[in-house]
Amino acid sequence: MPTAPLICSETVSRVSSVLHRDAKQFGKKHMFDTSEETCWNSDQGSSQWVMLEFPQTVKVSQLQIQFQGGFASQLCTLEGGRKGEELVKISDFYPEDINALQSFRTEETMLDKLKITFENSTDFFGRIVVYRLSVLGEKL
């Protein structure tokens, strides 16, 4: 089956934190706006995360993420689940500390919600900066 972007305007997103609580400048929406000028910037602290709730069940097969070098996570945990169920671990993946868009294949999993936890940051204070986040797969 062909893969397509799964994040749409009806996808609900939540994040662990926003730098200085300045959502206008550093908010979660900037991960999905395809602009190279904007980003989500977490506040400091360990184990930052992004949670996505899709408007319909999806089958996820790939994740694409673009960090700002120096503010990346080199260990990420992917969890997913169906509505009303607990999240279960799908996999770990290991991004590089670079500015380029990185792609990670996942075990194809049917889910309604997806959580990406950034377990460690290359930034001393634990901040994460994401310019682009895309989830690819199939809408069911």
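Find, to one decimal place in angstroms, the Kirkwood hydrodynamic radius of region 87-140, where the mean of 1/r is taken over every pair of different Cα atoms and then inverted.
Numbers: mean 1/r = 0.0746 Å⁻¹.
In region 87-140 this quantity evaluates to 13.4 Å.
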Exercise for the section: Grab the chain and count how many Lys pairs have their alpha-carbon atoms under 23 Å apart, sequence gap of 8 or more, or different chains. Expected result: 25
Problem - Rule-of-thumb Rg ratio for region 1-100 [Cα; 2.2 N^0.38 Å; N residues] - result: 1.11
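Run the numbers on the chain and let me know its relative contact order in percent, using alpha-carbon pairs under 8 Å that are six or more apart. Could you put the intermediate results ahead of the total?
On the way: 391 pairs, mean separation 51.1, N = 140.
Averaging sequence separation for qualifying contacts and normalising by length gives 37 percent for the chain.
Return one whole number: the accessible area per residue of region 21-123 in Å², for a 1.4 Å probe.
Values: 5370 Å² over 103 residues.
About 52 Å² of surface per residue is accessible.
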Fill in the blank from the handout: Share of accessible surface on carbon and sulfur in the chain, whole %, 1.4 Å probe and ligands ignored, is 48 percent
Exercise for the section: At a temperature of 25 °C and a viscosity of 0.890 mPa s, determine how fast region 41-131 diffuses translationally according to Stokes-Einstein, using the Kirkwood radius over alpha-carbon pairs as Rh; express D in µm²/s, rounded to the nearest whole number. Expected result: 183 µm²/s
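The values are calculated or read from the model by the stated rules, or taken from the named source; none is laboratory data. A quick note: this is a predicted structure, and the numbers were derived from the prediction, not measured. For the accessible areas, the whole protein counts, side chains as well, though only heavy atoms, and no ligand, DNA or RNA atoms are used. Shrake-Rupley method; radii C 1.70, N 1.55, O 1.52, S 1.80 Å.
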